[in-house]
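What follows is a single structure, written as C-alpha cells, with notes after it.
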Amino acid sequence: MKELASARAAARKAIEQLRLIPVLFELGARPHPPRELYLAYLRQSDVFIGIYGQQYGWIAPDQEISGLEDEYLNAGGMPKLVYLQSPAPDRDPRLSAMVRRIQSDGLSYRGFGSSEELRALIADDLALLLSERFDLRDELAEAVPPTRPLPAPASRFIGREREKSIVWDLLTGEDARLVTLVGVGGIGKTRLALEIGAAVRGEFDGVAMVALDEVSSADLVLSSIASSVGVPETPGQPLLDAVINYLRSRRTLLIVDNFEHMMAAAGLLGQLITQADQVLLLVTSRERLRLSGERVVEVPPLKIPAAGDNDEVLRRSDAVALFAERARAAGSDLDLDHGQLETVAEICRRLDGIPLAIELAASRAKVVGPEELLHRLDHSLSFLTGGPRDVPKRQQTLRSTIAWSHHLLDDAERRLFARLGVFAAGFSLQAAETVCADDAAPPVLDGIASLLDKSLVRTEDTLDGQPRFTMLQVVRDFALEQLDALGETERLRRAHADHFEGVVIAAAATLRHDPDPAVAQYRADQANIRAAIRWSLDVKEGGRVANMAVAMWPFLWMAGLLTEGVEAAQQALLDETALSTPERAHACLALGMLTFGQGDYERAEPALVTAINLYTQLGDAQQVATASVPLGVIQAVWNTNAGEDLLAGAADTFRELSDRSGLAFALLNLGGALLLHGRYAEAIPHLEESVRLASAMKADVFLSNALINLGMAHRLLGDLESAHTRLREAVEHAIALDNRDSLARALDALAAVAVTAGDPQRGATMFGAAEGVRRSIGAGVWMTDRASHEETAARLRTRLGDAAYTAAIDRGRSLTVDQLRELTSAE
C-alpha cells in the first residue's frame, strides 16, 4: 500500500482512461476481516492486475502465505497482467519465489521503472487484452458492470405451482417491493426463489442472486449486494450510495438468500427499496424481516399423499415425484409398483414433505431400498446425511440444517424450543404455558411468537377461535435431543402427561351435555393424549392410564379407534396391585366398553361384571348403570330372556340422575334388545325417545344408531316408508360425520328394505356398498346385526341368483359418496 502508492495511482488512471472501473483493496477502519473483503473484490472483477515491488506483505496468524499471494492464487482463471518494479535491490525472497511461481504458471511479466511508464504499459496491455478476450462494447459504452448470472440448478424443479403463482403476481404487480419467502430449513426456499427468478427474468433489466449463507457478518451484506450486481467500492464514495446510484435507474430483482442470520442488516434492505424505486427484493429467510411493505409468503412442505390414495394419485404427488427422481438420479432402480408406491408415500409422510429430507432419504434408497429406508427413519436425523457436496455444508445433513436455525436462537428461546418437543402434534398456547412455563424465563407467548417468526414452530387451524401450534416431525426430533441435553426430559414428560390427563377428564365431563366442543377438543389433542398414555405405561403409572381410559372410551367409540384403547386398558390392568379400587374399576369399564364396541363379547363380559361389582362397592350408581348397558346387550344376544331388565334398570338410573346422554345410550340399546327378541312395536317408543334425546344434545353416534334401529323396527312392522325415511336420515348423518361404522349399518338396513320392497338389484348394490365401507375401516358386522345381515344376504342371493348377486355386490363396493347418496335417496 505505501511502497507502491504512486504505482497504484497510475494503474487507476490507466484503467479509468479506458472507461473501466478499477477495483482496488484499500486499507482503513473496517468492521470485517481484510481477507473477506479482497476475496469479495476478486469475485466482482474480470481482470487481475498484479503490481509487485520489494515487499511480500503481511501473513495473517491463521494463514501460511501473505494476502498478496493469496489474492493471486484466488484470482483463478481470469486474465492476468503482471508488472514487476525494477530495480528492487531489497526484494523479499518470498516475493521472488512468488514471481517464479507466476512464471511457472505460464505467465510473463513486464518490468517498469516509473509510475508514468507503468500507466502507459497497463493502458496498452489492457486495451489489447480487451480486444482479444472480451466483447465489451455495451459495457464500455455505458460503463455499467453486469450482474452475475443466476446459479444454474442441477436438477428439475418439482411442484410449488401455487407458491410460484403467488410470488409471480406479487413481483409483476404494482404494490409489492419486498417479498419474503419464509419457511423452515430444507423446505426449498432457495430453489423456489431461483425458479421464480428465472421465470420473471424477462420482466426486469436484471435479476441478481445475493447469497448470504457463507457471509459471517451483517456488515458484509452491502458488499455482497454490490458484488452480485457488479458495483465496486470506490475510495471517497460510500458503497451504499454507489449501489443505490447504480440500481436507481434499472428495474432490478435482487434475490437475497438466507437472510435469517443477517437480521441486523434488515434496515439496509429497507433503504434500498426506499431510495431505489426500481428495485424489487425477493428474500428467503427462516424469519420474516418485519419491514414496512413486506409481503410474506410461507413456503409449506410439499403436499403429502393421504393414506389410502390410489396409485395414480400417489404418482402425481409432488413429494413422491421428488423422491423418485432424486432416487433414480442416485442410481436406485425403482419400479414404483403398488407396494413400492405405498412405501415411498409413507416415507414422504414420515418426513413431513420437507424437500431436503426427501432428497437426503432418496440418496440412501440405492443402498438400503425403500422398505429398509422407511424402517430406519425412526432415527431420521442421524440417518439422513450425505447430501451433495456442492450445496452448503449446513444443507448436507438434515440435522445441520435444523441446527443452523437453532443456533440463531437466544438461550431462553432454545430452552422453550426444546421443551415444546414433548408435544406429539398440535398444541394450544394454554398447553404450552402449562407444560413449558418457567418462572425464570420470559412468557411462553413471547417465545412462541419468536419461534413462529423463525419457522421452527408453525400454526395449525384454530380451535374455537384460538390458535394452535405444531412442529414438523423432524424438527421435533431435534428439539427432543436438545431436551435430553438439558436434562429436562423426565420433568417435561410428566408435566405433559399431567396436563393431558386433565384435558381428557375435563372433555369427558362436558361430553354428556355439550358433545361437539368436547369431541373437537379430544380430536385436536389426540396425538398428545396417545403420547401421554405411552409414557405413563413406560414409567409404570397405570393409574393415570386407567383414569384416562375411562374418560376416553366414548371418544374412541366415536372415532372408531377401539383397539388402541383396549391395549391401553389391558396394559394398565397388568399389575392390578398397583391400582387403587377406583382405578381398577375405571380400567375394567374402559376395557369392557371398548371390547364390546369391537364385538368381542367374550372379553367384554367379565370386564363389565368386575366393573359393576367394583363400582357398586364404591357407591357409583352412574358408572354401574354405564357398565350395565353393554352387559345387558351381551346377555340379550346370548339369551332371548335376558338383558332387558338390566337395560331397563340402567335407563331408570340415568333418568333419576338427569343424565340425558346415558339415558339416550340405554334406550338405544334397550330398543335394540327388544328387536332381537321380536318385540318390534314395544321397541319403537324407546328408540324414538333415544332419537329425541340424542338429537337435542348432538350425541352423534347415539343418534345414528338409534335412527338405524328405529328404521329396522319400522321395516319389521311392514312400514317401509317410515323405515326408508329414518334410514336415509341415518345415512346423511353418518356421511356428514364420516362415521363409517354407522354408515355400513344403515346401508345394510336399507338393503333389507329394498329387497322387501321388491327391488333386490338396488338392495344388493347397497349391501355391497356396506361391505366396501366396512372394509375401509377394517370393521365387521355388529353382533346384534348378524342374524338380520345373514337373512338379508340369503334373500338377495335367492332373488337374484349367484352371478347377478355377485355383480351387484362388486358394483356397490366401488360407489363414491355422491353415488351412495343418489342410490339411497330413491324410493
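The values are calculated or read from the model by the stated rules, or taken from the named source; none is laboratory data. Predicted, not measured: the structure shown is a model, and the values here were computed from it. Counting neighbours? That spans all protein chains shown, and the Cβs are built from the backbone with ideal geometry, glycine included. Note: areas computed on protein heavy atoms with side chains; ligands, DNA, RNA excluded. Shrake-Rupley method; radii C 1.70, N 1.55, O 1.52, S 1.80 Å.
Can you tell me which residue in segment 71-96 is nearest to the chain's Cα centre (by Cα), limited to those that are open to solvent by less than 20 Å² (accessible area, probe 1.4 Å) and under 21 Å from LEU128 (Cα atoms)?
Top of the filtered list is ALA75.
Kindly indicate which of ALA636, ALA611, ALA590 is modelled with pLDDT under 95, within 27 Å of SER658 (Cβ to Cβ) and in a helix (DSSP H, G or I).
From the options ALA636, ALA611, ALA590, the qualifying one is ALA636.
Please go through segment 238-293 and give me each residue that is touching an Asp or Glu at 6+ places or on another chain (Cβ under 8 Å) and free of Cβ contacts under 8 Å to residues at least 24 places away in the same chain, ordered by number.
LEU239, ALA242
Return only the number of the condition from (1) closer than 30 Å to THR610 by Cβ; (2) part of a helix (DSSP H, G or I); (3) open to solvent by less than 40 Å² (accessible area, probe 1.4 Å) that ALA642 does not satisfy.
The single condition ALA642 does not satisfy is (2).
In segment 53-134, which helices (runs of 4 or more DSSP H) lie fully inside it and hold 2 or more residues that are within 21 Å of ARG12 (Cα to Cα)?
67-74, 115-133
For segment 692-710, state whether one or more residues are buried (at least 22 other Cβ atoms within 10 Å of the Cβ) and either without any contact (Cβ under 8 Å) to a residue 24 or more places away in the chain or in contact with a Pro (Cβ under 7 Å, 6 or more places away or on another chain) (or both).
yes
Of the residues SER742, SER722, only one is touching a helix residue (DSSP H, G or I) at 6+ places or on another chain (Cβ under 7 Å), of a type in the set (Ser, Thr, Tyr) and free of Cβ contacts under 8 Å to residues at least 24 places away in the same chain; which?
After applying the criteria, what remains is SER722.
Could you run through segment 736-748 and say how many residues are open to solvent by 10 Å² or more (accessible area, probe 1.4 Å) and hydrophobic (A, V, I, L, M, F, W, C)?
Residues meeting the conditions: 3.
Sort through ALA673, ALA625 and tell me the only one that's of a type in the set (Gly, Ala, Ser) and under 46 Å from the mean Cα position of the chain (by Cα).
It is ALA625.
Quickly run through segment 294-317 and pick out the residues that are closer than 16 Å to ILE354 by Cβ, out of contact with any Cys (no Cβ under 9 Å at 6 or more places or on another chain) and either among the aliphatic types (A, V, I, L, M) or in a helix (DSSP H, G or I) (or both).
Result: VAL299, single match.
Restricting attention to segment 417-455, report how many residues are touching a residue at least 60 places away in the same chain (Cβ under 8 Å) and open to solvent by 50 Å² or more (accessible area, probe 1.4 Å).
1
Take the conditions at positive phi, aliphatic (A, V, I, L, M) and either buried (at least 16 other Cβ atoms within 10 Å of the Cβ) or over 21 Å from the mean Cα position of the chain (by Cα) (or both) and apply them to LEU360. Does it pass?
No, not satisfied.
Pick from segment 22-52 the residues that are more than 20 Å from SER115 (Cβ to Cβ), in a loop (DSSP other than H, G, I, E, B) and at pLDDT 80 or above: which of them is nearest to the chain's Cα centre (by Cα)?
Across segment 22-52, the extreme among qualifying residues is SER45.
Identify the single condition in (1) closer than 24 Å to LEU130 by Cβ; (2) surrounded by fewer than 14 Cβ atoms within 10 Å (Cβ to Cβ); (3) in contact with a helix residue (DSSP H, G or I) (Cβ under 9 Å, 6 or more places away or on another chain) that GLN63 does not satisfy, given that it satisfies every other one.
Looking at each condition in turn, GLN63 falls short on (1).
Going by what's in this entry, would ARG19 be described as surrounded by fewer than 18 Cβ atoms within 10 Å (Cβ to Cβ), over 30 Å from LEU212 (Cβ atoms), more than 56 Å from the chain's Cα centre (by Cα) and among the basic types (Lys, Arg)?
Judged against the criteria, ARG19 is not a match.
Each row is one residue, and each column tells you yes or no for (1) of a type outside the set (Asp, Glu); (2) at pLDDT 90 or above; (3) within 19 Å of ARG201 (Cβ to Cβ); (4) under 28 Å from the mean Cα position of the chain (by Cα).
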residue	(1), (2), (3), (4)
PRO151	yes, no, yes, yes
ARG156	yes, no, yes, yes
GLY159	yes, no, no, yes
GLU163	no, yes, yes, yes
LEU170	yes, yes, yes, yes
GLY188	yes, no, no, yes
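So which residues in segment 338-373 are touching a residue at least 40 places away in the same chain (Cβ under 8 Å), among the acidic types (Asp, Glu) and over 14 Å from LEU322 (Cβ atoms)?
none
How many residues does segment 657-666 contain that are open to solvent by less than 20 Å² (accessible area, probe 1.4 Å) and either within 21 Å of TRP638 (Cβ to Cβ) or small (Gly, Ala, Ser) (or both)?
Selection size over segment 657-666: 5.
List the number of the failed condition for LEU322; all other conditions in (1) assigned to a loop (DSSP other than H, G, I, E, B); (2) buried (at least 22 other Cβ atoms within 10 Å of the Cβ); (3) within 18 Å of the chain's Cα centre (by Cα) hold.
Going through the list (1) assigned to a loop (DSSP other than H, G, I, E, B); (2) buried (at least 22 other Cβ atoms within 10 Å of the Cβ); (3) within 18 Å of the chain's Cα centre (by Cα), LEU322 breaks only (1).
Return the pair list, or none, for Cβ contacts closer than 9 Å from residues in segment 798-818 that are open to solvent by 80 Å² or more (accessible area, probe 1.4 Å) to residues that are among the aromatic types (Phe, Trp, Tyr), at least 6 apart or on different chains.
Hits for this filter: THR798/TYR805; ARG799/TYR805.
For the subset of segment 784-797 comprising residues that are small (Gly, Ala, Ser) and surrounded by 13 or more Cβ atoms within 10 Å (Cβ to Cβ), which member is farthest from ALA754 (Cα to Cα)?
SER788
Considering only segment 1-16, state which residues are part of a loop (DSSP other than H, G, I, E, B) and loosely packed, with under 13 Cβ neighbours inside 10 Å.
MET1, LYS2
Looking at segment 72-96, I want the residues that are at pLDDT 85 or above and have a partner that is assigned to a helix (DSSP H, G or I) and open to solvent by 50 Å² or more (accessible area, probe 1.4 Å) with Cβ atoms under 7 Å, at least 6 apart or on another chain. Which pairs are those?
Short answer, once both residue conditions are applied: PRO79/ARG133.
Report yes if some residue within segment 621-630 is in a helix (DSSP H, G or I) and without any contact (Cβ under 8 Å) to a residue 12 or more places away in the chain; otherwise report no.
No.
Provide a single number: the residues in segment 754-783 that are open to solvent by 10 Å² or more (accessible area, probe 1.4 Å), of a type in the set (Val, Ile, Thr) and within 21 Å of SER722 (Cβ to Cβ).
Of the residues in segment 754-783, 1 are open to solvent by 10 Å² or more (accessible area, probe 1.4 Å), of a type in the set (Val, Ile, Thr) and within 21 Å of SER722 (Cβ to Cβ).
The rows are residues; the columns are (1) open to solvent by less than 30 Å² (accessible area, probe 1.4 Å); (2) under 21 Å from ILE708 (Cα atoms).
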| position | (1), (2) |
| --- | --- |
| THR626 | yes, no |
| ARG655 | no, no |
| GLU682 | no, yes |
| LEU687 | yes, yes |
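Return only the number of the condition from (1) at pLDDT 90 or above; (2) under 21 Å from ILE187 (Cα atoms); (3) not in a helix (DSSP H, G or I) that PHE423 does not satisfy.
Condition (2) is where PHE423 drops out.
Do we find that ILE505 is open to solvent by less than 50 Å² (accessible area, probe 1.4 Å) and at negative phi in this structure?
No; evaluated as a whole, the condition is false for this residue.
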